[in-house]
Amino acid sequence: MNKIKILNKFFFILVSLFFSSAVFAHGGAAGTDTDQCKFELEPGHWIHYTAYQPKSYPGEEFCGNIPSADSMIQLVFDYQDIRYRNMKVSFEVTKEPEGTTIFKQEPKQHKSGTVVLGLKEGVPEAGDYLIHITLEPATGERLDAHMAFRAGAGQATTLGDILLYLLFLFAGIYVAYLSHAGFKQKIDDLLGKVKE
């Protein structure tokens, strides 16, 4: 197999990864086993969590890192188990490590399985926060879960951004390889050494 065919295959594999929707779902994770945006209430039972900043970053989803502290934050929780929909649930967001409460919603039922909490002014300052969820069943023990997030750290580079940069870098190298004889010779020499 010649070197151009190897480079072509590598290029097409890189492009197919870039356009694969599975790569971008929840930070590249698939399913609840690897999903970073979830609360485990009891073994095998989860609440999925997504944060949005519709004014500052419309259409983007966040999990553990929320870029802006002083812009509206919407926290959306989805029950992945129907039995939790009949329980009363309360939410509290605290500033850490102080434990100061900045948001609290008293216990109530959410029959739809989705809860949207709006922190209209964002959070008081950049830093670490903790979401506390408490479910109160009619009988039995109450269930508590916690999830940390950081607000105001700016927008992080995503896996999609990194793949896009790599794609452009590889495309530039590939064009240089095809159009510049001296560069082509150097790459061919390197590939020859790698084969040995």
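The values are calculated or read from the model by the stated rules, or taken from the named source; none is laboratory data. Nothing here was measured: the structure is a model prediction, and the numbers come from that model. All Cβ positions, even for glycine, are placed from backbone atoms using ideal geometry, and neighbour counts span all protein chains on display.
When the range 35-60 is limited to residues that are under 11 Å from the mean Cα position of the chain (by Cα) and modelled with pLDDT under 80, the one that is nearest to L75 (Cα to Cα) turns out to be Q36. Are any residues in the range 40-82 over 20 Å from F103 (Cα atoms) and among the polar types (S, T, N, Q), and if so, which ones? Passing the criteria: S56, Q80. State whether one or more residues within the range 163-179 are over 23 Å from E40 (Cβ atoms), of a type outside the set (V, I, T) and modelled with pLDDT of 90 or more. Looking for residues that are over 23 Å from E40 (Cβ atoms), of a type outside the set (V, I, T) and modelled with pLDDT of 90 or more, one finds none in the range 163-179, hence no. Only one entry of K186, K95, K111 meets the criterion of being charged (D, E, K, R), over 19 Å from the mean Cα position of the chain (by Cα) and not assigned by TED's automatic domain parsing to the domain that holds A51, and that entry is K186.
I'd like the full set of residues that are of a type in the set (V, I, T) and surrounded by fewer than 18 Cβ atoms within 10 Å (Cβ to Cβ), limited to the range 112-150. Of everything in the range 112-150, those that are of a type in the set (V, I, T) and surrounded by fewer than 18 Cβ atoms within 10 Å (Cβ to Cβ) turn out to be T114, V116, T134, T139. Residue count for the range 93-107 under the criterion of being under 13 Å from A148 (Cβ atoms) and part of a strand (DSSP E or B): the result is 4. Mind checking which pairs have a first residue in the range 130-141 that is in the same structural domain as L41 (by TED's automatic domain parsing) and a second that is assigned to a loop (DSSP other than H, G, I, E, B) and surrounded by 15 or more Cβ atoms within 10 Å (Cβ to Cβ), Cβ under 8 Å, 6 or more apart or different chains? As it stands, the answer is L135/M87; E136/M87; P137/M87; A138/M87, since those pairs meet every condition given.
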